[in-house]
1. Would you tally the residues in the stretch 118-151 being in contact with a Gly (Cβ under 8 Å, 6 or more places away or on another chain) and modelled with pLDDT of 90 or more?
2. What pairs come up if the first residue lies in the stretch 52-74 and is assigned to a strand (DSSP E or B), the second is of a type in the set (D, E, K, R), and their beta carbons are under 6 Å apart, counting only those six or more places apart or on different chains?
3. Please go through the stretch 203-221 and give me each residue that is part of a loop (DSSP other than H, G, I, E, B) and of a type in the set (A, V, I, L, M), ordered by number.
4. If I go through the stretch 60-112 residue by residue, how many of them are closer than 25 Å to residue 211 by Cβ and among the hydrophobic types (A, V, I, L, M, F, W, C)?
5. Of the residues that make up the stretch 90-98, is at least one within 30 Å of residue 152 (Cα to Cα), of a type in the set (Phe, Trp, Tyr) and outside any strand (DSSP E or B)?
6. Run down 243, 247, 229 and say which single residue is under 23 Å from residue 119 (Cα atoms), part of a loop (DSSP other than H, G, I, E, B) and not assigned by TED's automatic domain parsing to the domain that holds residue 91.
7. Within the stretch 170-181, does at least one residue satisfy the condition of being hydroxyl-bearing (Ser, Thr, Tyr), touching a strand residue (DSSP E or B) at 6+ places or on another chain (Cβ under 7 Å) and farther than 29 Å from residue 268 by Cβ?
Amino acid sequence: MCARLLDLARGETMNRISTLVFLALSTVVAACGQNSDAGFTASDSESGVHYVVIGQDTVLKKTKEDSSLLKFGSEKCNVPAGTKLYLSEAPRYDVNHYLVNTAEFLTNCSFSRGYLFSKHVSKTSLGGAFAPNVKAFLDTIAFAEGTDERYDIIFTFARFFSYADHPRELRCSGSLCSDAAGRYQFLSTTWDNLARRLGLYDFSPENQDRAAIQLLKDAGVYGTVVNISSFNQFADAAYGVSSTWASMPGSPYGQPTYSASTLYSKFNTFLSRY
């Protein structure tokens, strides 16, 4: 349906339909984000409304340093739970933080651009892309792959030291050789395809997250992940990506895998952080 609507919206018939009909079709197409690359960023941000909602008491920090080392007013400012911060631009997911630029200065705060600990943010104008379920599912994949919070890991758990590009370094463990790298262990060929499709110009943690979410969409489980509320839904999603990640239940690659029940327990633990 989405493809047909896109054809209609973009085709020669546009010369014969009204602007209002085109706008209506565009709205429906945007709602089909599950099968569209553009759906990744479909959110309130597209209408110019940017915000974050604070889930628990936190601080806005001028840097990503430990907040206990920063000074109130000049380097960090209190933000109580329940606060909805309106922003002058879309928030940017930065591994364990959101980088934000508040539309107005906070009380007794000398800066507007800073970092919020992502676990203390309950909602953002980015919408479903980094919804709690999605973040927890990505955490679960990283747990299964053995990378956890690390984005700088090569197969065999060696480190790389530049995010300029996929490291493309072949490593072997026994008879198995791979150039898999990053938090989600992308093969260089997989990464190159995703980078081309999504316009990713480096291997930064944020872009690794974006690429992993696209793989969820390609596997047809993104919508399931966003709406996980039971073990069966989680299992459907976990088995659905088993051909993408070798550690997931049902993977055909002959490597050690985790059971769906074990990963569901981890998923709920990760979800509680958000």
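1. 3
2. Here the result reads 53/84; 53/123; 59/76; 61/76, each pair linking the stretch 52-74 to a residue that is of a type in the set (D, E, K, R).
3. 219, 221
4. 5
5. Within the stretch 90-98, none of the residues are within 30 Å of residue 152 (Cα to Cα), of a type in the set (Phe, Trp, Tyr) and outside any strand (DSSP E or B).
6. 229
7. Yes; the residues of the stretch 170-181 include at least one that is hydroxyl-bearing (Ser, Thr, Tyr), touching a strand residue (DSSP E or B) at 6+ places or on another chain (Cβ under 7 Å) and farther than 29 Å from residue 268 by Cβ.
Matching residues to (1) assigned to a loop (DSSP other than H, G, I, E, B); (2) under 18 Å from the mean Cα position of the chain (by Cα); (3) within 18 Å of residue 216 (Cβ to Cβ); (4) touching a residue at least 24 places away in the same chain (Cβ under 8 Å):
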site: 156; (1), (2), (3), (4): yes, no, no, no
site: 161; (1), (2), (3), (4): yes, no, no, no
site: 165; (1), (2), (3), (4): yes, no, no, yes
site: 169; (1), (2), (3), (4): yes, no, no, no
site: 177; (1), (2), (3), (4): no, no, no, no
site: 184; (1), (2), (3), (4): yes, yes, yes, yes
site: 194; (1), (2), (3), (4): no, yes, yes, no
site: 197; (1), (2), (3), (4): no, yes, yes, yes
site: 201; (1), (2), (3), (4): yes, yes, no, no
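The values are calculated or read from the model by the stated rules, or taken from the named source; none is laboratory data. Remember, it's a predicted structure, so these values are computed and weren't measured experimentally. Cβ atoms come from the backbone with ideal geometry, glycine included; neighbour counts cover every protein chain shown.
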